[in-house]
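Q: Could you have a look at this structure, given as structure tokens, before my questions?
The values are calculated or read from the model by the stated rules, or taken from the named source; none is laboratory data. Nothing here was measured: the structure is a model prediction, and the numbers come from that model. Don't worry about glycine lacking a Cβ; one is built from the backbone with ideal geometry, like all the others, and counts go over all protein chains shown. Surface areas here come from the heavy atoms of the whole protein model, side chains and all, with no ligands, DNA or RNA. Shrake-Rupley method; radii C 1.70, N 1.55, O 1.52, S 1.80 Å.
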Amino acid sequence: MLHGYCIRQAGEPPPASDLRGVDGAAVRLIEFGLLGIWLSEGAAKSPSIPRLRQHETVVRAALRTATPLPLQFGSSFQDEVAAERVLSERSDEFRDKMARVGQRVEMSIQVKRAELDGAPGSLAAAGHGAPASRPPQPTTGRAYLESRREALEREEAARGEAETILDDVEAAFAEMELPAVRVVGGAPGLVGSLAHLVHRQQVRQYREYANSLDSTRPELRFAVTGPWAPYSFV
């Protein structure tokens, strides 16, 4: 079995001879037609934090020389013939995606509420405290339905507020005309996140735009990560 890491254009730099991937396996390149793929030997592996990090290390190594199409952990092939078959059968798809992401990287900005991000005296800052009291449980069917309706209304309102905040954040990057993917919520205190497809030469400009948000929205906290391979756009 072969573990796949990313798809490349044929002729782009191969992995370094000392690059190691999942479980320390050597990473190598095979090419077929106009495409290539980075692989390592090994039976199918169950995901774990160390293995996910090893997989990402290889993808990031590829990103240093050209933007790859990253493969999700668990992408595997029976042998080189099977890998070449995938490159052949999906050649048009892979090349279209490469044309979209070529010379771009993924940058991400995470948006949190400031009062839940280590504010003095908050439970988030202290890491402990008395548990919140639970609201009384409905005792009738009608009361239950009413409580569910109110909960859904609160959820809808919170999502609407989060969408509005993310609209405002996205507008801050409007001049850069970046493709974007958003995720709303995801954890307590997290408004959501935006992933942007950024030209490599615009990464510094992107960070400057992101840093400017701190002064315009003091009630929020912004965390920028990247550059990454464009997982959100393939």
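Q: When you look at residue 159, is it over 30 Å from residue 63 (Cβ atoms), touching a strand residue (DSSP E or B) at 6+ places or on another chain (Cβ under 7 Å) and not polar (S, T, N, Q), yes or no?
A: Numbers: over 30 Å from residue 63 (Cβ atoms): yes; touching a strand residue (DSSP E or B) at 6+ places or on another chain (Cβ under 7 Å): yes; not polar (S, T, N, Q): yes.
Taking the combined requirement at face value, the residue satisfies it.
Q: Please indicate, with yes or no, whether at least one residue in the stretch 111-125 is modelled with pLDDT of 85 or more, in contact with a Leu (Cβ under 9 Å, 6 or more places away or on another chain), outside any loop (DSSP other than H, G, I, E, B) and not charged (D, E, K, R). Can you show your working first?
A: Quick first cut of the stretch 111-125, residues modelled with pLDDT of 85 or more only: 111-113.
Remaining after also requiring in contact with a Leu (Cβ under 9 Å, 6 or more places away or on another chain): 111-113.
Next cut, outside any loop (DSSP other than H, G, I, E, B) only: 111-113.
With the extra rule that they be not charged (D, E, K, R), the set shrinks to 111.
Yes.
Q: Suppose we keep only residues that are of a type in the set (A, V, I, L, M, F, W, C) and over 16 Å from residue 234 (Cα atoms) within the stretch 63-84. Which one would you say is least open to solvent (accessible area, probe 1.4 Å)? Steps first, answer last, please.
A: So in the stretch 63-84, the residues of a type in the set (A, V, I, L, M, F, W, C) come out as 63, 66, 69, 71, 73, 77, 81-83.
Restricting the remaining residues to those that are over 16 Å from residue 234 (Cα atoms) gives 77, 81-83.
Values: 77: 24, 81: 87, 82: 17, 83: 0 Å².
Step by step, filter the stretch 63-84, then rank; the result is 83.
Q: Take the stretch 218-230 and flag every residue that is open to solvent by 50 Å² or more (accessible area, probe 1.4 Å) and either among the hydrophobic types (A, V, I, L, M, F, W, C) or at pLDDT 95 or above (or both).
A: Residues of the stretch 218-230 open to solvent by 50 Å² or more (accessible area, probe 1.4 Å): 218-219, 221, 225, 228.
Result: 228, single match.
Q: Can you pull out every residue in the stretch 42-53 that is within 13 Å of residue 76 (Cβ to Cβ) and either of a type outside the set (Lys, Arg) or open to solvent by 60 Å² or more (accessible area, probe 1.4 Å) (or both)?
A: So in the stretch 42-53, the residues within 13 Å of residue 76 (Cβ to Cβ) come out as 42-47, 51.
42, 43, 44, 45, 46, 47, listed by residue number.
Conditions (1) open to solvent by 30 Å² or more (accessible area, probe 1.4 Å); (2) modelled with pLDDT of 90 or more, marked per residue:
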| residue | (1), (2) |
| --- | --- |
| 163 | yes, no |
| 185 | no, no |
| 208 | yes, yes |
| 216 | yes, no |
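Q: Right, something else. Here is a list: 108, 75. Which entry is of a type in the set (Ser, Thr, Tyr), in contact with a strand residue (DSSP E or B) (Cβ under 6 Å, 6 or more places away or on another chain) and under 30 Å from residue 190 (Cα atoms)? Quick ask: steps written out before the conclusion?
A: Working: 75 fails: under 30 Å from residue 190 (Cα atoms).
Selected residue: 108, the only one of 108, 75 that is of a type in the set (Ser, Thr, Tyr), in contact with a strand residue (DSSP E or B) (Cβ under 6 Å, 6 or more places away or on another chain) and under 30 Å from residue 190 (Cα atoms).
Q: If you don't mind, there's one more thing I want to ask. Would you check if residue 34 is closer than 14 Å to residue 71 by Cβ and either modelled with pLDDT of 95 or more or hydrophobic (A, V, I, L, M, F, W, C) (or both)?
A: Numbers: closer than 14 Å to residue 71 by Cβ: no; either modelled with pLDDT of 95 or more or hydrophobic (A, V, I, L, M, F, W, C) (or both): yes.
No, not satisfied.
Q: Any chance you could count how many residues in the stretch 4-31 are farther than 15 Å from residue 71 by Cβ and part of a helix (DSSP H, G or I)?
A: Going through the stretch 4-31 one residue at a time, the tally reaches 2.
Here is a yes/no grid of residues against (1) of a type in the set (S, T, N, Q); (2) open to solvent by less than 70 Å² (accessible area, probe 1.4 Å); (3) within 30 Å of residue 164 (Cβ to Cβ); (4) in contact with a strand residue (DSSP E or B) (Cβ under 7 Å, 6 or more places away or on another chain):
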{"site": "25", "(1), (2), (3), (4)": "no, yes, no, yes"}
{"site": "40", "(1), (2), (3), (4)": "yes, yes, no, yes"}
{"site": "88", "(1), (2), (3), (4)": "yes, yes, no, yes"}
{"site": "101", "(1), (2), (3), (4)": "no, yes, yes, yes"}
